[in-house]
Amino acid sequence: MSHFNHRAIWAIYRFELHRFSRTLLTGLLVPVITTSLYFVVFGGAIGSRMTQIDGIPYAAFIVPGLIMMSMFTESIFNASFGIYMPKFSGTIYELLSAPISAGETVIAYVGAAATKSLIVGLIILATAHLFVDVNVMHPFAMIAFMVLIAVSFCLFGFILGIWAQSFEQLQVIPLLLIMPMTFLGGAFYSIHMLAEPWRTITLFNPIVYLISGFRWTFFGRGDVGIEYSLLFITAMLLVCLAVIGWMFKTGYRLKK
């Protein structure tokens with residue numbers, strides 16, 4: 001049985017993290033400022049009128065949604081940009097001809113992107129503590145959920161980076177699909193607050209299950225059962241892996 005090319009994985013992983021470090025101040029400052037603004041607008045303005053949701057202070061209730069919203073976009077952007085740039089610059093052919101397997105390539109790029117996404121998520125959590133007292137009921141489950149979310153959405157971003165043939169295409173999915181689905185997925189409210197048929201329609205939004213599951217790790221409750229959240233994120237992980245495997249096997253938009 002062949003061994004992993006640890007040196008190649010580490011080289012790509014380190015290069016991607018170094019690219020992130022060049023914009024470290026911006027990459028970390030933007031989430032802090034954005035989170036602060038959300039707390040001022042949602043926590044202050046709306047929270048003063050809607051003090052609690054399901055017995056949870058509103059300012060604390062929105063914390064999991066804020067973290068998930070940033071992690072979704074960070075994961076997709078970092079992973080898609082990471083693999084798109086070698087395609088754009090033409091160095092993808094050097095990568096494909098190098099003694100590194102498809103699996104090792106994915107581990108390196110997705111691992112680096114997921115690391116960045118987790119750092120941003122933890123910074124937002126720390127920033128939230130400046131505005132509201134947030135107690136995490138299941139801290140280990142929270143970390144595990146963050147890792148699952150980061151890896152899954154980085155895999156999705158990796159697929160997007162291979163599929164995209166321009167910078168416009170690279171941005172269209174996060175802007176036109178993920179962000180609206182996040183806002184409509186219960187990031188800032190409980191779907192139980194919606195009247196029918198909107199409550200039932202919202203259940204077809206996959207983001208609902210991710211935000212609800214992550215909120216469960218904080219407060220022990222969510223809009224849907226934790227088992228459905230875990231089932232969905234596992235299914236997403238497996239589907240993304242299958243699609244990436246097919247892309248490398250067929251050379252879809254890699255060898256053109």
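The values are calculated or read from the model by the stated rules, or taken from the named source; none is laboratory data. Everything numeric here is computed off the predicted structure, so don't read it as measured data. So basically every Cβ, Gly included, is an ideal-geometry build from the backbone, and we count neighbours across all protein chains shown.
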Picked from segment 201-254 (must be basic (Lys, Arg), out of contact with any Phe, Trp or Tyr (no Cβ under 7 Å at 6 or more places or on another chain) and surrounded by fewer than 22 Cβ atoms within 10 Å (Cβ to Cβ)), the residue farthest from ASP133 (Cα to Cα) is LYS249
Subset of segment 184-204 (residues that are assigned to a helix (DSSP H, G or I), without any contact (Cβ under 8 Å) to a residue 12 or more places away in the chain and not basic (Lys, Arg))
TRP198, THR200, ILE201
For segment 112-127, which residues satisfy the criterion of being over 18 Å from PHE20 (Cα atoms) and either in contact with a Leu (Cβ under 7 Å, 6 or more places away or on another chain) or surrounded by fewer than 19 Cβ atoms within 10 Å (Cβ to Cβ) (or both)?
ALA126
Every listed condition ((1) assigned to a helix (DSSP H, G or I); (2) farther than 22 Å from ALA235 by Cα) holds for VAL134 save (1)
Give me the pairs: first residue in segment 132-152 and farther than 18 Å from THR115 by Cα, second residue of a type outside the set (Ser, Thr, Tyr) and not in a helix (DSSP H, G or I), beta-carbon distance under 6 Å, and six or more apart or on different chains, which are they?
MET137/GLY220
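Considering every residue within segment 202-210, establish whether at least one is farther than 19 Å from PHE72 by Cα, among the β-branched types (Val, Ile, Thr), at pLDDT below 95 and over 16 Å from the mean Cα position of the chain (by Cα).
no
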So how many residues does segment 205-256 have that are of a type outside the set (Gly, Ala, Ser) and part of a loop (DSSP other than H, G, I, E, B)?
9
When ALA112 is run through (1) touching a Lys or Arg at 6+ places or on another chain (Cβ under 9 Å); (2) modelled with pLDDT under 90; (3) small (Gly, Ala, Ser), the failure sits at (2)
On the given criteria, is SER101 surrounded by 15 or more Cβ atoms within 10 Å (Cβ to Cβ), among the polar types (S, T, N, Q) and at pLDDT below 95?
yes
Hey, SER70 small (Gly, Ala, Ser), touching a residue at least 24 places away in the same chain (Cβ under 8 Å) and over 26 Å from PHE188 (Cα atoms) or not:
no
Residue among VAL147, VAL224, VAL136 that is at pLDDT 90 or above and out of contact with any helix residue (DSSP H, G or I) (no Cβ under 6 Å at 6 or more places or on another chain)
VAL147
